[in-house]
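**Q** After the structure tokens below, expect a handful of questions from me.
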Amino acid sequence: MRMFGLFALIFIMWSMIMIVSYFLIFIIGPLHITLFNNSTDGLISSMVKASLAIGLVVVLILLLGILKSKYLRKTLLKN
Amino acid sequence: MVYPYDVIINAAIVSAISFLIIFYITPPFIKYLNKQGKTVVDYHKPGKPFIPRPAGPIILIGIVIAEIILYLLIQDVKIISLVLTTIIAFFIGYIDDLKTMPGWFKPVALILAAIPIIVLGSHGNYLGLIFDSAFIPLLYIPLILSIIPIVGNTINSIDVFNGVASGFVIITMIPLLVSVLLFGNTNVFLMGLPLFFGCIAIYHYHKFPSKIFLGDSGTLLLGSMYAVVSIAGNSEIIGVIALLPAVMNSFLFLSSVKKIVEHRQVKTRPVTICDDYRLMASKETQAPATLVRLILAKGPLSEKEIVNRILILGTFSSILAFISIAIQYSFMKGMISL
């Protein structure tokens, strides 16, 4: 049971990776922006998708940071 | 056309070459390092023995010879990029073994190690994201330039106790090789075998109590090679999932010290040594958070107990990687759809 917290932390990290992967494939991937009805639209769509993907990864890192702080407070400082 | 029989023969040849070279040349190399006085103190043992370092050159020789023979057998240009990346990573680590470099040196210099993969086109344009693949031809280049330094330094930063880095790479290579076989191709699978069997051979000498330390040259080459196999084998995310405890260790350390520094440059140590040589978590609030400090949060442990716990965490993340492989395979074959 000593390692339960660490197993849980790794499992949560894995779950977050799976959720981000799901978002990237099923939400951001099919996104298509039509503005000019020419080849520029494809480029704009790609740029928007790339920005959203990077943003999602940044959110993931921030969430991991919050998770880490909470876990540290719970384990290290309590002991 | 590659036949399964050829794959098995080639796999046996490259695995045996890498394993046998490293296994049989390491003992004389240990004697050579001792004779040359290339030793460092193992602070976690009674009597603080001197242990020879680095094992990097011997791992490099074993793996590179196996890869060159594999190139002669299957002539895939990806092998050249793998060898070049591994050699560059080795020399970056070797410089750090000889002379302590500033904290930024390894991550920045390792960007150079990623260049052969891009120049020789060993990467694909699709990033496997469990549920499907994403076509990212442009975004993939900066991704490669960051994956090699991150993975190289991740393996480097987990090498804190006897046998951790080599043992951890052995465990995490298993799901990676399975993933490469399913989602990549057999050539990349063959390319990964010298790393796996080379690690098994060096683990024999690196495990607790260590007869040799890997050094930065050893850990950076293992990490960089792991990264190349995952990139060339369309298994980047699976590779990251298997490495989660090591990723967590790097993330904890970086987010607590807030800058890229060498572990030895940190003033307040994350763990302290008890009189009976067990280790305990530092009570200092200024001490950086690391995986080992979290493992020790509930009380002191011996070095061997800590090593076992890190390897158990590696096994757990590898199981998660296998679950991810099963999900990805099910989606790929249309067994599951959303």
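The values are calculated or read from the model by the stated rules, or taken from the named source; none is laboratory data. All values derive from a computational prediction rather than experimental measurement. So basically every Cβ, Gly included, is an ideal-geometry build from the backbone, and we count neighbours across all protein chains shown. With ligands, DNA and RNA removed, areas are computed over all heavy atoms of the protein, side chains included. Shrake-Rupley method; radii C 1.70, N 1.55, O 1.52, S 1.80 Å.
**Q** Residue B:45 versus (1) surrounded by 13 or more Cβ atoms within 10 Å (Cβ to Cβ); (2) part of a helix (DSSP H, G or I): which is the lone unmet condition?
**A** (2)
**Q** May I ask you to say which residue of B:213, B:208, B:253 is outside any helix (DSSP H, G or I), touching a His at 6+ places or on another chain (Cβ under 9 Å) and open to solvent by 10 Å² or more (accessible area, probe 1.4 Å)?
**A** Step by step, each of B:213, B:208, B:253 is checked, and only B:213 is outside any helix (DSSP H, G or I), touching a His at 6+ places or on another chain (Cβ under 9 Å) and open to solvent by 10 Å² or more (accessible area, probe 1.4 Å).
**Q** Can you tell me which residues in region B:140-171 are buried (at least 20 other Cβ atoms within 10 Å of the Cβ) and of a type in the set (S, T, N, Q)?
**A** Those that are buried (at least 20 other Cβ atoms within 10 Å of the Cβ) and of a type in the set (S, T, N, Q): B:153, B:154, B:156, B:157, B:162, B:166.
**Q** Of all residues in region B:81-96 being touching an Asp or Glu at 6+ places or on another chain (Cβ under 9 Å) and either hydrophobic (A, V, I, L, M, F, W, C) or crowded, with 24+ Cβ neighbours inside 10 Å (or both), which is nearest to residue B:189 (Cα to Cα)? I'd like the intermediate steps shown before the answer.
**A** Residues of region B:81-96 touching an Asp or Glu at 6+ places or on another chain (Cβ under 9 Å): B:82-83, B:86, B:92-96.
Pick out the ones that are also either hydrophobic (A, V, I, L, M, F, W, C) or crowded, with 24+ Cβ neighbours inside 10 Å (or both) and you get B:82-83, B:86, B:92-93, B:95.
On the way: B:82: 12, B:83: 15, B:86: 16, B:92: 26, B:93: 25, B:95: 30 Å.
Across region B:81-96, the extreme among qualifying residues is B:82.
**Q** Conditions first: (1) at pLDDT below 90; (2) of a type outside the set (Gly, Ala, Ser); (3) within 25 Å of residue B:325 (Cβ to Cβ). Residue B:117 passes all but one, so which condition is the exception?
**A** Condition not satisfied by residue B:117: (1).
**Q** If a residue has to be open to solvent by less than 70 Å² (accessible area, probe 1.4 Å), over 13 Å from residue B:54 (Cα atoms) and not acidic (Asp, Glu) to count, how many in region B:29-42 make the cut?
**A** Taking region B:29-42 as the starting set, the residues that turn out to be open to solvent by less than 70 Å² (accessible area, probe 1.4 Å) are B:29-30, B:33, B:37, B:39-42.
With over 13 Å from residue B:54 (Cα atoms) added as a condition, the list becomes B:42.
Now drop any that are not not acidic (Asp, Glu), which leaves none.
Residues flagged as open to solvent by less than 70 Å² (accessible area, probe 1.4 Å), over 13 Å from residue B:54 (Cα atoms) and not acidic (Asp, Glu) within region B:29-42 amount to 0.
**Q** Against the conditions (1) open to solvent by 80 Å² or more (accessible area, probe 1.4 Å); (2) within 10 Å of another protein chain (Cβ to nearest Cβ), where does residue A:63 fall short? Just the number, please.
**A** (2)
**Q** Looking at region B:57-78 only, could you name the residues that are assigned to a helix (DSSP H, G or I) and either among the charged types (D, E, K, R) or surrounded by 24 or more Cβ atoms within 10 Å (Cβ to Cβ) (or both)? Give the derivation first.
**A** At the first step, the residues of region B:57-78 found to be assigned to a helix (DSSP H, G or I) are B:57-74, B:77-78.
Of everything in region B:57-78, those that are assigned to a helix (DSSP H, G or I) and either among the charged types (D, E, K, R) or surrounded by 24 or more Cβ atoms within 10 Å (Cβ to Cβ) (or both) turn out to be B:58, B:59, B:60, B:62, B:63, B:66, B:67, B:70, B:78.
**Q** Restricting to region B:34-66, and then to whatever is of a type outside the set (A, V, I, L, M, F, W, C) and closer than 23 Å to residue B:20 by Cα, can you tell me which residue is nearest to the chain's Cα centre (by Cα)? Outline the logic, then answer.
**A** Of all residues in region B:34-66, those of a type outside the set (A, V, I, L, M, F, W, C) come to B:34-39, B:42-49, B:52-54, B:56-57, B:62.
Then keep just the ones that are closer than 23 Å to residue B:20 by Cα; that gives B:34, B:52-54, B:56-57, B:62.
Working: B:34: 25, B:52: 20, B:53: 17, B:54: 15, B:56: 12, B:57: 15, B:62: 16 Å.
Across region B:34-66, the extreme among qualifying residues is B:56.
**Q** What do you reckon, is residue B:54 in contact with a Gly (Cβ under 9 Å, 6 or more places away or on another chain) and assigned to a loop (DSSP other than H, G, I, E, B)? Write out each step before concluding.
**A** Working: in contact with a Gly (Cβ under 9 Å, 6 or more places away or on another chain): yes; assigned to a loop (DSSP other than H, G, I, E, B): yes.
Criteria met by residue B:54.
**Q** Only one of B:57, B:52, B:46, B:102 is at pLDDT below 95 and within 24 Å of residue B:152 (Cα to Cα); which? Steps first, please.
**A** Numbers: B:57 fails: at pLDDT below 95; B:52 fails: at pLDDT below 95; B:46 fails: within 24 Å of residue B:152 (Cα to Cα).
Just one listed residue meets the conditions, B:102.
**Q** Which ones in region A:1-57 are more than 8 Å from every other protein chain (Cβ to nearest Cβ), open to solvent by 60 Å² or more (accessible area, probe 1.4 Å) and part of a loop (DSSP other than H, G, I, E, B)?
**A** A:1, A:30, A:31, A:32, A:34, A:35, A:36, A:37, A:38 - these are the residues of region A:1-57 that are more than 8 Å from every other protein chain (Cβ to nearest Cβ), open to solvent by 60 Å² or more (accessible area, probe 1.4 Å) and part of a loop (DSSP other than H, G, I, E, B).
**Q** Considering region B:287-311 alone, what residues qualify as being within 11 Å of chain A (Cβ to nearest Cβ) and out of contact with any Pro (no Cβ under 9 Å at 6 or more places or on another chain)?
**A** B:294, B:295, B:297, B:298, B:299, B:301, B:305, B:308, B:309, listed by residue number.
**Q** Here's another thing I want to ask about it. List the pairs whose first member sits in region B:316-329 and is more than 9 Å from chain A (Cβ to nearest Cβ), whose second member is polar (S, T, N, Q) and open to solvent by less than 20 Å² (accessible area, probe 1.4 Å), and whose Cβ atoms are under 6 Å apart, counting only residues at least 6 apart or on separate chains?
**A** Pairs found: B:318/B:172; B:325/B:179.
**Q** Run residue B:335 past the list (1) open to solvent by 10 Å² or more (accessible area, probe 1.4 Å); (2) assigned to a helix (DSSP H, G or I); (3) more than 11 Å from chain A (Cβ to nearest Cβ) and report the number of the one that doesn't hold.
**A** (2)
**Q** What's the total number of residues in region B:315-328 that are open to solvent by less than 40 Å² (accessible area, probe 1.4 Å) and within 11 Å of residue B:175 (Cα to Cα)?
**A** 6
**Q** Take the residues of region B:216-247 that are outside any helix (DSSP H, G or I) and away from chain A (no Cβ under 11 Å): which is most open to solvent (accessible area, probe 1.4 Å)? Walk me through it before giving the result.
**A** To start, the set of residues in region B:216-247 that are outside any helix (DSSP H, G or I) comprises B:233-235, B:243.
If we keep only those that are away from chain A (no Cβ under 11 Å) as well, we get B:233-235.
On the way: B:233: 0, B:234: 54, B:235: 2 Å².
Ranking the qualifying residues of region B:216-247, first place goes to B:234.
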